[in-house]
Amino acid sequence: MPDTLQVLIADPIHEDGRKLLATYPDIHVDIATGLDEEGLILKIPTYDALIVRSKSRVTRSVIEAGRALKAIGRAGIGVDNIDISAATEHGIVVFNTPDANATTTAELTVAHMMSLSRHLPQADRSVRSNEWQPTRFVGTELAGKTVGIIGFGTIGRLVAERCAALKMKVLAYDPYVTPEIMCQYSAAQRNLDSLLASSDYVTLHCPLTDKTHNLIDATRLSAMKSGARLINCARGGLVDEKALLDALRTGHIAGAALDVFAKEPPLGSEFIACDNVVLTPHLGASTKEAQQAVSVQIAEDVAKFLTTGEAESA
Ligand code: MLT
């Protein structure tokens, strides 16, 4: 089938995306999940497009081995598992799905804020241990508190709208977004230092890049309000985990909710023994709706690009 366009799906995606690709007579799809870098390098040479989620690492070596590669589709938002510079150098278009799982991630963020405020995971563990200690789990209301949103893209904006509806005061920091846009989403612009000093809750919604690596380090943690809480549903590398552990142990940071870690899974992490953290296994995109939406969106984008050369959302 020399004229057939070959697509490799290297991470599990919802069946609706696979079904959509199957409707294209000129496209043939193979599925090979769980490949490490070596495995991808061996597999990739004949494929016109590669579709991944966050597990596969699409390194420069993988991209250079992809001699026929024209497009890489990331079913999700973060593209930190793809070497974008290498893809650009080789004229390969990289698609992601910036909107498809944004609501799901924003809702998880709010769920984490509520869990932190009302000690829900700890209270659940306590009842399961046959305890009944309502006074141990006295929480705090979100209404009237200040949330600081770092990164004001699609997810940050959805979080802002939800926090405003919960009657919170919303601050935002994003060097690429104007105060007018922030205002449209009920948020007031702040610089990073001012946001950290004023927020009862700080939530991260920026991409992981060389510039944002360890953005929340020991200095910035100490600049946060005493008793503030931190939520990270974005990327593990944004927070210096050792510094956060220290701040949680002293109580300067009252609690943290972490959906993402520098190394995933965080096997043996000291967070596991820390009672004032809530840990979830990178659930940011894990709803039925989001999984279906990212799969269909990426299938549409990749198929359209391969068959027509059009790349609307790349
Ligand atoms: C994303 O970047 O879309 C979310 O973190 C979920 C994922 O990694 O798939």
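The values are calculated or read from the model by the stated rules, or taken from the named source; none is laboratory data. All figures in this text were calculated on a predicted structure; none of them were measured in a lab. We place every Cβ from the backbone using ideal geometry, glycine too, and count neighbours over all the protein chains shown.
Observations, loosely collected:
- Looking only at the range 166-208, and only at residues there that are basic (K, R) and surrounded by 15 or more Cβ atoms within 10 Å (Cβ to Cβ), the one that is farthest from D83 (Cα to Cα): K169
- Remark: pairs (first residue in the range 13-31, part of a loop (DSSP other than H, G, I, E, B); second residue of a type in the set (S, T, N, Q); Cβ separation under 7 Å; 6+ apart in sequence or on different chains) = I13/S295; H14/Q291; H14/Q292; H14/S295; Y24/T307; D26/T4; D26/T307.
- Applying a threshold of 9 Å to beta carbon distances and a minimum spacing of six or more residues, or different chains, the list of pairs starting in the range 220-233 at a residue that is in the same structural domain as A257 (by TED's automatic domain parsing) and more than 16 Å from the ligand (Cβ to nearest atom) and ending at one that is part of a loop (DSSP other than H, G, I, E, B) and among the acidic types (D, E) reads R220/D240; L221/D240; K225/D200; G227/D200; A228/D200; R229/D200.
- Being within 16 Å of the ligand (Cβ to nearest atom), touching a strand residue (DSSP E or B) at 6+ places or on another chain (Cβ under 8 Å) and not hydrophobic (A, V, I, L, M, F, W, C) holds for only one residue in R53, R18, and it is R53.
- Scan of the range 260-314 for residues that are crowded, with 17+ Cβ neighbours inside 10 Å and among the small types (G, A, S), ordered by number: A262, S269, G284, A285, A290, A293, S295, A299, A303
- When residues of the range 40-92 are limited to those that are touching a Gly at 6+ places or on another chain (Cβ under 6 Å) and hydrophobic (A, V, I, L, M, F, W, C), the one nearest to K263 (Cα to Cα): I51
- Just one of the numbered conditions (1) touching a Phe, Trp or Tyr at 6+ places or on another chain (Cβ under 6 Å); (2) away from the ligand (no atom under 16 Å from the Cβ) is not true of G236: (2).
- Checking S115 against (1) over 30 Å from A165 (Cα atoms); (2) of a type outside the set (V, I, T); (3) more than 16 Å from the ligand (Cβ to nearest atom), the condition it does not meet: (1)
- Of all the residues in the range 261-284, those that are touching a helix residue (DSSP H, G or I) at 6+ places or on another chain (Cβ under 7 Å) and among the polar types (S, T, N, Q) number 1.
- Which listed residue, of K167, K145, is in contact (Cβ under 8 Å) with a residue 24 or more places away in the chain, out of contact with any strand residue (DSSP E or B) (no Cβ under 6 Å at 6 or more places or on another chain) and closer than 17 Å to H112 by Cβ: K145
- 3 or more residues in the same structural domain as L195 (by TED's automatic domain parsing) and modelled with pLDDT of 95 or more: qualifying helices (runs of 4 or more DSSP H) within the range 79-164: 102-118, 120-128
- Hey, A293 of a type in the set (G, A, S), within 21 Å of V110 (Cβ to Cβ) and assigned by TED's automatic domain parsing to the domain that holds D30 or not: yes
- Residues located in the range 211-259, provided they are buried (at least 16 other Cβ atoms within 10 Å of the Cβ) and either at pLDDT below 95 or among the basic types (K, R) (or both): R220, K225, R229, R235
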